[in-house]
Amino acid sequence: MQDLNNYLMENFGKPADEISKTGYDNPVINHDFEMISFDDVAEDFNNRNKEFNGEFASADGLLIIEKENKNRIFFFEFKNIDYSKDEDRQMSIYYLHRYLELMKECEHECKVYDKINAISEYLVDRSHLSLRSKPSDSISLLYQVMKDFYGKENGEICIKKLFETEKFFFLVSKTQAQYLPFKNKSNRLNNIIKPLDFLKRFVPYHYNMVLAVNENGFDRYFYKRNEEYFN
């Protein structure tokens, strides 16, 4: 898959810190090695393939690394937020409740207050809903990109390549607590941030491993383990 990696890197490669910028231009990580901007890959693919209904909710970054004659696929989603805070984790719903509190204090009768308040508990934050689909959508998009690159007649070969390749998904955020399934099984109950609990459902059928880490975790569990690739 290194031929595909070279093509994507040549056409969609960007510094990792630039890809990790989210909101107010602040990068989540401080590394300038080249990474594939998977958002740009998704935009290019969607522009050229109008037959798909809707767009893929792709991860931000992609790397295909060959080590010991084996390919490994790494997807990265960067979030400049802290999932332990309600105002970050569920921003839309958090501010809706803030506005509802203000409505209670209005001088005139707020007839819509009771109706909005009644349904607010059933709402799902849009950003979190998008995040939940990114691990599966990212693999689906990569499969379609592979078919474009290797030829649509080679769809079964592309599926075989994906199944044979180790796949990892990193959610990198400002959250101090981390989900590290290989480190301590008690993470599942004690340290994982509850809204990120869905990530473990993608193992083992979609990914070999899914991790939710902060910047230090990114350095320790990805960058330092693959440092020779970037130098």
Scalar couplings 3J(HN,Hα) for the stretch 68-83 by Karplus 6.51 cos²θ - 1.76 cosθ + 1.60 (θ = phi - 60°), nearest whole Hz, x for Gly and Pro, are 6, 6, 10, 8, 10, 9, 10, 9, 10, 10, 10, 10, 8, 9, 10, 6
Listed by chain and number, the residues whose amide H is under 5 Å from that of residue 31, excluding neighbours fewer than 5 places away on the same chain and using placed H, are 17
Amide H contacts under 5 Å for residue 180, restricted to residues at least 5 apart in sequence or on another chain and with H modeled in the peptide plane, are none
Scalar couplings 3J(HN,Hα) for the stretch 170-176 by Karplus 6.51 cos²θ - 1.76 cosθ + 1.60 (θ = phi - 60°), nearest whole Hz, x for Gly and Pro, are 10, 9, 10, 9, 8, 6, 6
At the level of C-alpha centres, the distance separating the stretch 158-183 and the stretch 25-75, in angstrom, is 14 Å
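Each reported figure results from applying straightforward, stated rules to the coordinates on display, with no laboratory input. For clarity, every value in this text was computed on a predicted model and none was experimentally measured.
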